[in-house]
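See below for the structure under consideration.
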């Protein structure tokens, strides 16, 4: 992949990790007595509204305030943060020890992303049909694998392992 695409993948990976790790803090920041922190927290909540339904009954709370995104989105972003840390700790060390081709790596990543998306897709379908309301923690937990896989894929793109 071209250097611009690799840098874009690294930027997305970094932003997802920062956003995911900051979620609990951003909720508390909304009520800060420091104007800059309060403005940051409110801006994060407004940004969260663009990407998430923000239903309180499906969200986590810190400091008595709702997180900027719901439990499922939190799982995706915190999973991405965990995957980014793993990718940095493991993936970059292994660079240069390639035993596969970029094409086989791409196919492997497609399969991994599909498998990682299955728990979220199945749960969403069960909820949509009205069979079960599993709660915020289950939504969060089943979204973690997809977030981790997505950040692993972004790390592979950023390293130049994929075409």
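The values are calculated or read from the model by the stated rules, or taken from the named source; none is laboratory data. Small disclaimer: the values here were computed from a predicted structure and weren't measured. Here the Cβ positions follow ideal geometry from the backbone for every residue, glycine too, while neighbour counts run over all protein chains shown.
Each row is one residue, and each column tells you yes or no for (1) at pLDDT below 95; (2) farther than 19 Å from residue 137 by Cα; (3) in contact with a helix residue (DSSP H, G or I) (Cβ under 7 Å, 6 or more places away or on another chain); (4) in a loop (DSSP other than H, G, I, E, B).
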| residue | (1), (2), (3), (4) |
| --- | --- |
| 21 | yes, no, yes, no |
| 43 | no, yes, no, no |
| 54 | no, no, yes, yes |
| 66 | no, no, yes, no |
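Residues being part of a helix (DSSP H, G or I), without any contact (Cβ under 8 Å) to a residue 24 or more places away in the chain and exposed (fewer than 13 other Cβ atoms within 10 Å of the Cβ): count how many of those fall in the range 122-147.
Qualifying residue count for the region: 4.
Let me confirm something: among 3, 35, which residue is exposed (fewer than 14 other Cβ atoms within 10 Å of the Cβ), more than 22 Å from residue 117 (Cα to Cα) and either modelled with pLDDT of 90 or more or touching a helix residue (DSSP H, G or I) at 6+ places or on another chain (Cβ under 8 Å) (or both)?
35
Looking for something out of contact with any strand residue (DSSP E or B) (no Cβ under 7 Å at 6 or more places or on another chain), surrounded by fewer than 17 Cβ atoms within 10 Å (Cβ to Cβ) and at positive phi - is there at least one such residue anywhere in the range 46-63?
Yes; the residues of the range 46-63 include at least one that is out of contact with any strand residue (DSSP E or B) (no Cβ under 7 Å at 6 or more places or on another chain), surrounded by fewer than 17 Cβ atoms within 10 Å (Cβ to Cβ) and at positive phi.
Quick check on residue 95: is it at pLDDT 95 or above and either within 13 Å of residue 146 (Cβ to Cβ) or touching a helix residue (DSSP H, G or I) at 6+ places or on another chain (Cβ under 7 Å) (or both)?
Criteria not met by residue 95.
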